[in-house]
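The structure follows.
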Amino acid sequence: MYFEETYHIDSREVDHQAFCRPSAILGYLQVSATAAAIKLHASTPETLVKYNCFWMLARIWVELKRPLRWGEELTVRTWHRPPKGPTIYRDFDLYCGEEYVGQAVSTWVLADRDTHRLFRMEKAVEFTANAEDGLGKTMRLTRVKMPETMAEVERRRLYYSELDMNTHVNNTRYADFACDTLRLEHLTGGAFVSQLQIGFLAECKAGEELTLYAGKEGEADLVKGVGPDGKTRFEASVTVTHRQN
(Lines give C-alpha, C1' and ligand atoms only; values in the text may rest on other atoms or scores of the structure.)
Protein backbone atom coordinates (compact mmCIF):
# COMPACT_ATOMS: atom_id res chain seq x y z
CA MET A 1 0.00 0.00 0.00
CA TYR A 2 1.40 3.38 -0.95
CA PHE A 3 0.46 7.00 -0.29
CA GLU A 4 0.63 9.64 -3.02
CA GLU A 5 0.41 13.42 -2.91
CA THR A 6 1.20 16.24 -5.37
CA TYR A 7 2.86 19.52 -4.41
CA HIS A 8 3.33 22.80 -6.28
CA ILE A 9 6.90 24.09 -6.19
CA ASP A 10 6.59 27.79 -5.45
CA SER A 11 8.98 30.73 -5.19
CA ARG A 12 9.63 30.21 -1.47
CA GLU A 13 11.25 26.84 -2.16
CA VAL A 14 13.67 27.59 -5.01
CA ASP A 15 17.21 28.91 -5.18
CA HIS A 16 18.96 31.51 -7.35
CA GLN A 17 18.63 29.24 -10.42
CA ALA A 18 14.90 28.66 -9.75
CA PHE A 19 15.69 25.04 -8.78
CA CYS A 20 13.95 23.47 -5.81
CA ARG A 21 16.32 23.57 -2.83
CA PRO A 22 17.34 20.22 -1.30
CA SER A 23 15.82 21.27 2.03
CA ALA A 24 12.48 21.92 0.32
CA ILE A 25 12.59 18.47 -1.29
CA LEU A 26 13.21 16.95 2.13
CA GLY A 27 10.23 18.97 3.32
CA TYR A 28 7.97 17.36 0.72
CA LEU A 29 9.22 13.91 1.72
CA GLN A 30 8.68 14.64 5.40
CA VAL A 31 5.13 15.89 4.81
CA SER A 32 4.35 12.80 2.73
CA ALA A 33 5.81 10.46 5.35
CA THR A 34 3.73 12.15 8.04
CA ALA A 35 0.57 11.94 5.95
CA ALA A 36 1.22 8.25 5.25
CA ALA A 37 1.69 7.59 8.98
CA ILE A 38 -1.57 9.40 9.75
CA LYS A 39 -3.36 7.23 7.20
CA LEU A 40 -1.97 4.15 9.01
CA HIS A 41 -3.05 5.57 12.41
CA ALA A 42 0.63 5.71 13.37
CA SER A 43 1.30 9.44 13.66
CA THR A 44 3.43 10.62 16.58
CA PRO A 45 0.38 11.56 18.73
CA GLU A 46 -0.98 8.04 18.16
CA THR A 47 2.33 6.21 18.75
CA LEU A 48 2.77 8.17 21.98
CA VAL A 49 -0.57 6.84 23.20
CA LYS A 50 -0.07 3.28 21.96
CA TYR A 51 3.64 2.73 22.56
CA ASN A 52 4.88 5.80 24.50
CA CYS A 53 7.20 6.43 21.51
CA PHE A 54 7.84 9.23 19.03
CA TRP A 55 9.24 9.15 15.49
CA MET A 56 12.85 10.01 14.67
CA LEU A 57 14.38 10.17 11.19
CA ALA A 58 17.75 8.40 11.25
CA ARG A 59 19.01 8.62 7.65
CA ILE A 60 17.77 9.81 4.29
CA TRP A 61 19.12 9.57 0.74
CA VAL A 62 17.74 11.41 -2.29
CA GLU A 63 18.63 11.05 -5.97
CA LEU A 64 17.38 13.39 -8.71
CA LYS A 65 17.56 12.75 -12.45
CA ARG A 66 17.28 16.46 -13.13
CA PRO A 67 16.63 19.66 -11.16
CA LEU A 68 13.07 20.32 -10.05
CA ARG A 69 11.95 23.76 -11.18
CA TRP A 70 9.83 26.62 -9.98
CA GLY A 71 6.20 26.14 -10.98
CA GLU A 72 6.37 22.39 -11.53
CA GLU A 73 3.99 19.93 -9.90
CA LEU A 74 5.87 17.28 -7.92
CA THR A 75 4.13 14.01 -7.09
CA VAL A 76 5.58 12.03 -4.19
CA ARG A 77 4.69 8.35 -3.91
CA THR A 78 5.74 6.69 -0.65
CA TRP A 79 5.48 3.32 1.08
CA HIS A 80 7.23 1.41 3.86
CA ARG A 81 9.01 -1.92 3.75
CA PRO A 82 8.38 -4.74 6.22
CA PRO A 83 9.83 -3.65 9.58
CA LYS A 84 12.94 -5.29 10.99
CA GLY A 85 14.43 -4.73 14.43
CA PRO A 86 14.34 -1.09 15.57
CA THR A 87 14.36 0.34 12.04
CA ILE A 88 11.78 0.75 9.32
CA TYR A 89 12.52 1.82 5.74
CA ARG A 90 10.28 4.32 3.99
CA ASP A 91 10.83 4.66 0.23
CA PHE A 92 9.78 7.32 -2.25
CA ASP A 93 9.41 7.76 -6.01
CA LEU A 94 9.19 11.27 -7.45
CA TYR A 95 7.32 12.34 -10.60
CA CYS A 96 6.63 15.54 -12.49
CA GLY A 97 3.52 14.61 -14.40
CA GLU A 98 4.30 11.23 -15.94
CA GLU A 99 8.05 11.85 -15.87
CA TYR A 100 10.05 9.91 -13.28
CA VAL A 101 12.46 12.47 -11.82
CA GLY A 102 13.96 10.84 -8.76
CA GLN A 103 13.76 8.62 -5.73
CA ALA A 104 14.54 8.57 -2.04
CA VAL A 105 15.16 6.06 0.73
CA SER A 106 14.86 6.81 4.44
CA THR A 107 15.17 4.98 7.74
CA TRP A 108 13.05 5.79 10.78
CA VAL A 109 12.94 4.64 14.39
CA LEU A 110 10.47 4.93 17.25
CA ALA A 111 12.12 6.13 20.47
CA ASP A 112 10.62 5.84 23.94
CA ARG A 113 9.50 9.25 25.23
CA ASP A 114 11.02 8.66 28.69
CA THR A 115 14.12 6.53 28.09
CA HIS A 116 14.83 7.18 24.37
CA ARG A 117 15.30 3.44 23.96
CA LEU A 118 14.40 2.20 20.49
CA PHE A 119 11.15 0.31 19.97
CA ARG A 120 11.18 -2.96 18.00
CA MET A 121 9.16 -2.19 14.91
CA GLU A 122 7.79 -5.74 14.52
CA LYS A 123 5.57 -4.98 17.53
CA ALA A 124 3.76 -2.24 15.61
CA VAL A 125 0.87 -3.98 13.89
CA GLU A 126 0.21 -0.85 11.79
CA PHE A 127 3.39 -1.58 9.84
CA THR A 128 3.54 -5.37 9.78
CA ALA A 129 0.01 -5.47 8.35
CA ASN A 130 0.50 -2.81 5.68
CA ALA A 131 4.08 -3.24 4.45
CA GLU A 132 4.85 -3.08 0.73
CA ASP A 133 7.82 -5.23 -0.32
CA GLY A 134 7.15 -5.34 -4.04
CA LEU A 135 7.81 -1.82 -5.31
CA GLY A 136 11.44 -2.33 -6.21
CA LYS A 137 13.55 -0.67 -3.52
CA THR A 138 16.25 -2.78 -1.89
CA MET A 139 18.88 -0.14 -1.09
CA ARG A 140 20.19 -0.14 2.47
CA LEU A 141 21.52 3.03 4.03
CA THR A 142 24.79 2.94 5.94
CA ARG A 143 26.56 5.72 7.77
CA VAL A 144 28.22 8.36 5.59
CA LYS A 145 31.97 7.78 5.82
CA MET A 146 33.82 10.96 6.64
CA PRO A 147 37.47 11.52 5.61
CA GLU A 148 40.04 11.59 8.40
CA THR A 149 40.95 15.22 7.64
CA MET A 150 38.28 17.88 7.10
CA ALA A 151 38.60 21.65 6.99
CA GLU A 152 36.68 23.81 9.42
CA VAL A 153 34.51 26.17 7.35
CA GLU A 154 32.49 28.11 9.88
CA ARG A 155 30.63 28.15 13.17
CA ARG A 156 26.89 28.54 13.07
CA ARG A 157 24.61 29.42 15.97
CA LEU A 158 21.12 27.91 15.93
CA TYR A 159 17.98 29.96 16.48
CA TYR A 160 14.17 29.89 16.68
CA SER A 161 13.74 29.75 12.88
CA GLU A 162 15.38 26.31 12.72
CA LEU A 163 13.15 24.58 15.30
CA ASP A 164 10.25 22.20 14.90
CA MET A 165 7.41 21.32 17.28
CA ASN A 166 9.72 19.01 19.25
CA THR A 167 11.96 22.02 20.05
CA HIS A 168 14.79 20.45 18.04
CA VAL A 169 16.29 21.64 14.77
CA ASN A 170 14.01 20.40 11.97
CA ASN A 171 15.41 17.57 9.82
CA THR A 172 15.15 19.62 6.65
CA ARG A 173 17.42 22.36 7.99
CA TYR A 174 20.47 20.09 7.96
CA ALA A 175 20.32 20.10 4.17
CA ASP A 176 20.56 23.91 4.31
CA PHE A 177 23.52 23.66 6.68
CA ALA A 178 25.32 21.35 4.23
CA CYS A 179 24.54 23.45 1.15
CA ASP A 180 25.55 26.67 2.92
CA THR A 181 28.82 25.12 4.08
CA LEU A 182 29.61 24.15 0.47
CA ARG A 183 28.66 27.65 -0.78
CA LEU A 184 26.22 26.33 -3.35
CA GLU A 185 25.05 29.88 -4.07
CA HIS A 186 27.98 29.91 -6.52
CA LEU A 187 26.51 27.14 -8.71
CA THR A 188 25.76 28.28 -12.26
CA GLY A 189 24.99 26.83 -15.68
CA GLY A 190 22.29 24.47 -14.49
CA ALA A 191 24.45 22.65 -11.91
CA PHE A 192 22.28 21.04 -9.23
CA VAL A 193 22.40 18.67 -6.28
CA SER A 194 21.74 15.26 -7.84
CA GLN A 195 22.38 13.18 -4.74
CA LEU A 196 22.13 13.95 -1.04
CA GLN A 197 22.48 11.71 1.99
CA ILE A 198 22.19 12.88 5.57
CA GLY A 199 22.73 10.91 8.76
CA PHE A 200 21.11 12.40 11.87
CA LEU A 201 23.28 11.43 14.83
CA ALA A 202 22.13 13.68 17.67
CA GLU A 203 19.60 16.42 18.26
CA CYS A 204 20.43 20.13 18.01
CA LYS A 205 18.65 22.90 19.90
CA ALA A 206 18.36 26.67 19.73
CA GLY A 207 21.25 28.46 21.40
CA GLU A 208 23.78 25.80 20.46
CA GLU A 209 26.62 26.41 18.04
CA LEU A 210 27.59 23.96 15.32
CA THR A 211 31.12 23.81 13.95
CA LEU A 212 30.84 22.85 10.29
CA TYR A 213 33.56 20.93 8.47
CA ALA A 214 33.91 20.07 4.77
CA GLY A 215 35.90 17.49 2.82
CA LYS A 216 35.73 15.52 -0.41
CA GLU A 217 35.62 11.85 -1.36
CA GLY A 218 35.48 11.07 -5.08
CA GLU A 219 32.65 13.08 -6.65
CA ALA A 220 30.93 13.75 -3.33
CA ASP A 221 31.40 16.75 -1.07
CA LEU A 222 31.16 15.81 2.59
CA VAL A 223 29.96 17.94 5.49
CA LYS A 224 29.68 17.28 9.19
CA GLY A 225 28.37 19.39 12.04
CA VAL A 226 29.91 19.09 15.49
CA GLY A 227 28.22 20.40 18.62
CA PRO A 228 29.84 22.32 21.48
CA ASP A 229 30.23 19.01 23.34
CA GLY A 230 32.54 17.73 20.58
CA LYS A 231 30.00 15.17 19.35
CA THR A 232 29.04 14.93 15.69
CA ARG A 233 25.39 15.90 15.24
CA PHE A 234 24.98 15.17 11.51
CA GLU A 235 26.93 13.91 8.50
CA ALA A 236 26.07 14.68 4.88
CA SER A 237 27.20 13.66 1.41
CA VAL A 238 26.36 16.01 -1.45
CA THR A 239 26.89 15.29 -5.16
CA VAL A 240 26.57 18.12 -7.68
CA THR A 241 25.89 17.37 -11.34
CA HIS A 242 26.94 19.96 -13.92
CA ARG A 243 24.70 20.31 -16.97
CA GLN A 244 23.43 22.91 -19.37
CA ASN A 245 20.05 24.56 -18.91
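So what's the projected area for the chain, the Cα convex hull averaged over all directions, in nm²?
Its average projected convex-hull area is 13.4 nm².
Is there a pair in Lys65/Lys216; Lys84/Lys224; Lys123/Lys224; Lys50/Lys224; Lys39/Lys145; Lys84/Lys231 whose C-alpha atoms are over 32 Å apart, and which pairs would that be? Mind showing how you got there, number by number?
Numbers: Lys65/Lys216 22 Å; Lys84/Lys224 28 Å; Lys123/Lys224 34 Å; Lys50/Lys224 35 Å; Lys39/Lys145 35 Å; Lys84/Lys231 28 Å.
Flagged as over cut-off: Lys123/Lys224; Lys50/Lys224; Lys39/Lys145.
Something else: Set Lys and Arg Cβ to +1 and Asp and Glu Cβ to -1, take the dipole of the chain about its Cα centre, and tell me which of Trp61, Pro82, Val169 lies farthest positive.
Ranked along the dipole, the leading option is Pro82.
Leaving out ligands and nucleic acids, note down the accessible area per residue over the range 162-245 with a 1.4 angstrom probe, in whole Å².
Value returned for the range 162-245: 45 Å² of accessible area per residue.
Considering the options Val144, Ile38, Val49, tell which one lies farthest towards the positive end of the dipole of the range 35-150, charges being +1 on Lys and Arg and -1 on Asp and Glu at the Cβ, about the Cα centre.
Value: Val144.
With +1 on each Lys and Arg Cβ and -1 on each Asp and Glu Cβ, and nothing else charged, work out how big the dipole of the range 1-127 is about its Cα centre, in Debye to the nearest 20.
Here the range 1-127 has a charge dipole of around 560 debye.
What's the long-distance tail for the range 1-143, i.e. % of Cα pairs beyond 27 Å? Display every interim value, and only then the final one.
Numbers: 2406 of 10153 pairs.
Of all Cα-Cα pairs in the range 1-143, 24 percent lie more than 27 Å apart.
Which ³J(HN,Hα) values, rounded to whole Hz and listed in residue order, are derived for the range 161-178 from phi using the Karplus coefficients 6.51, -1.76 and 1.60 in 6.51 cos²θ - 1.76 cosθ + 1.60 with θ = phi - 60°, glycine and proline given as x?
Coupling constants for the range 161-178: 5, 9, 8, 10, 5, 8, 6, 10, 4, 5, 3, 5, 5, 5, 5, 5, 4, 5 Hz.
Along the three principal axes, how long is the range 1-67 when you take its alpha carbons, biggest first, rounded to the nearest angstrom?
Answer, in whole Å and largest first: 45, 22, 22 Å.
Can you give the Rg/Rh ratio of the range 196-245, where Rg is from the C-alpha atoms and Rh is the Kirkwood radius?
Working: Rg = 13.2 Å, Rh = 12.1 Å.
Computed over Cα atoms, the ratio is 1.09.
Along the range 217-225, what does the Karplus equation 6.51 cos²θ - 1.76 cosθ + 1.60 (θ = phi - 60°) give for ³J(HN,Hα), rounded to whole Hz, x for Gly and Pro?
9, x, 8, 9, 8, 10, 9, 9, x
Mind putting a number on the dipole of the chain about its Cα centre? Charges go on the C-beta only, +1 for Lys and Arg and -1 for Asp and Glu, and I need it in Debye to the nearest 20. All intermediate terms of the calculation are to be shown ahead of the outcome.
Details: 31 positive and 35 negative charges, 121 e Å.
I would put it at about 580 debye.
Return the carbon/sulfur percentage of the accessible area of the chain, one whole number, probe 1.4 Å, all protein chains in place. It would help to have the intermediate numbers written out before the result.
Values: 6140 of 12260 Å².
Whole-percent figure for carbon plus sulfur exposure: 50.
The values are calculated or read from the model by the stated rules, or taken from the named source; none is laboratory data. Keep in mind it's a predicted model, so treat the numbers as computed, not measured. With ideal geometry, Cβ positions are generated from the backbone for all residues, glycine too; neighbour counts draw on all protein chains shown. Just the protein is used for accessible areas: all its heavy atoms, side chains included, with ligands, DNA and RNA removed. Shrake-Rupley method; radii C 1.70, N 1.55, O 1.52, S 1.80 Å.
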